[in-house]
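Below you'll find the structure, written out as structure tokens, and then a few comments.
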Amino acid sequence: MEFGIFTEFSRRADMTQTLAFDEAMAEVTSAEALGYDTVWLAEIHFQRDRSVLASPLVIAAAIAAATRRIKIGLAVQILPLAHPLHLAEDVATVDQLSHGRLDFGVGRSGLPDHYRGYNVPYAESRERFLETLAILRRAWTHERFSWSGKYYQFDDVCVMPKPYQKPHPPIRIAATTDETYALVGKLGLPIFLAVRTTPIAHLQKCISSYHAAWREAGHPGRGDVTLIVPVYVAEKAQAARDEPRDSMMFFLHSIGEMLATGTTERAADGQRLLNISYDDVLKELAVYGTPDVVADRLIELRETLDYSSLALWMNSGGQVPHERVMRSMRVFAERVIPKLT
């Protein structure tokens, strides 16, 4: 069982961008000191009062320089928005600088605003994702190669450097739509399950399709699952319930507005998030409580979702004060992890 911290490098409206970077880096270095295995980095664009984490690979390089042991994961790099050769070079560079501590999570993102800002049609996201992923693997495993695809054409290119890890850093795909779970299983790759906006009950159905597609494709063993889940721990039950409330509801309402006004298949999800109650959030979208309560709930989820590693989002919505986030991280490390291992 591995335990990681998921971070968006959150920025509240009342804080400077510099402070946002400083607080998030302090949380990263504290995660290593507390014994966490991985820090997971989001990629977020054009959301001024949410995040400064637009360049996760730049941040990953900074983390590699500031730490010695902790793994650095991307959760996730939005493949359709990146040039595949440039991305292949950057990923390999960070993997070299970190001496193989990079875990390469990838996805399409369910937020059309990311695509509108880059003038990339969201309707092309799936095709662009699959083509970019194929190019990345070719670039890392071939000395020279050519490519003729729908979106990219290259003639006899040599991508340097090659990754430290062979054949390349672990690739893990995030799923946000029902059909993606089966696709990832068919590809035989590890998967991210994200509780952040998808109810736990729905994830139970989705993960079954992932494992079924894995078996049908003839892949050996069982697919590896990382669960991204909002977690907040406090010594008192009331504090664990109340302290993250406004931040979590801020996140859900802001994401709900973006999805509800978009043209994707997730518009209904947006409306659901706009109308959700906090009691329903606590049942289906978060694990908040005292150390014993959080440990029991995560053990229960391990039985139903069959995850092998956790990515804990301690500041869902980014509005929880820095000192409380640090306290929750410490209490989880000291009081919850021993119950799960």
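The values are calculated or read from the model by the stated rules, or taken from the named source; none is laboratory data. No experiment lies behind these values; they were computed from the predicted model shown. Positions of Cβ are generated from backbone atoms using ideal geometry, with glycine treated the same way; all protein chains shown enter the neighbour counts.
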Q: Quickly run through the range 281-323 and pick out the residues that are closer than 28 Å to LEU19 by Cα and part of a loop (DSSP other than H, G, I, E, B).
A: ALA286, MET314, ASN315, SER316, GLY317, GLY318, GLN319, VAL320, PRO321
Q | Condition met for PRO230 (in contact (Cβ under 8 Å) with a residue 60 or more places away in the chain, under 17 Å from the mean Cα position of the chain (by Cα) and surrounded by 14 or more Cβ atoms within 10 Å (Cβ to Cβ)) | A | yes
Q: Might you check whether a residue that is more than 21 Å from GLY117 (Cα to Cα), among the hydroxyl-bearing types (Ser, Thr, Tyr) and crowded, with 17+ Cβ neighbours inside 10 Å occurs anywhere in the range 264-271?
A: no
Q: Please tell me if GLY223 is out of contact with any Ser or Thr (no Cβ under 8 Å at 6 or more places or on another chain), over 30 Å from GLN319 (Cα atoms) and loosely packed, with under 14 Cβ neighbours inside 10 Å.
A: no
Q. How many residues are of a type in the set (S, T, N, Q), more than 21 Å from the chain's Cα centre (by Cα) and part of a helix (DSSP H, G or I) if we restrict to the range 101-159?
A. 1
**Q.** Residues located in the range 125-160, provided they are touching a Ser or Thr at 6+ places or on another chain (Cβ under 7 Å) and exposed (fewer than 13 other Cβ atoms within 10 Å of the Cβ)
**A.** ASP155, ASP156
**Q.** From the options PRO190, PRO244, residue that is buried (at least 16 other Cβ atoms within 10 Å of the Cβ), within 18 Å of VAL320 (Cβ to Cβ) and in contact (Cβ under 8 Å) with a residue 24 or more places away in the chain
**A.** PRO244
Q. Applying the selection to the range 306-325, what residues are surrounded by fewer than 19 Cβ atoms within 10 Å (Cβ to Cβ) and either closer than 18 Å to TRP40 by Cα or modelled with pLDDT under 95 (or both)?
A. ASP306, SER308, HIS322
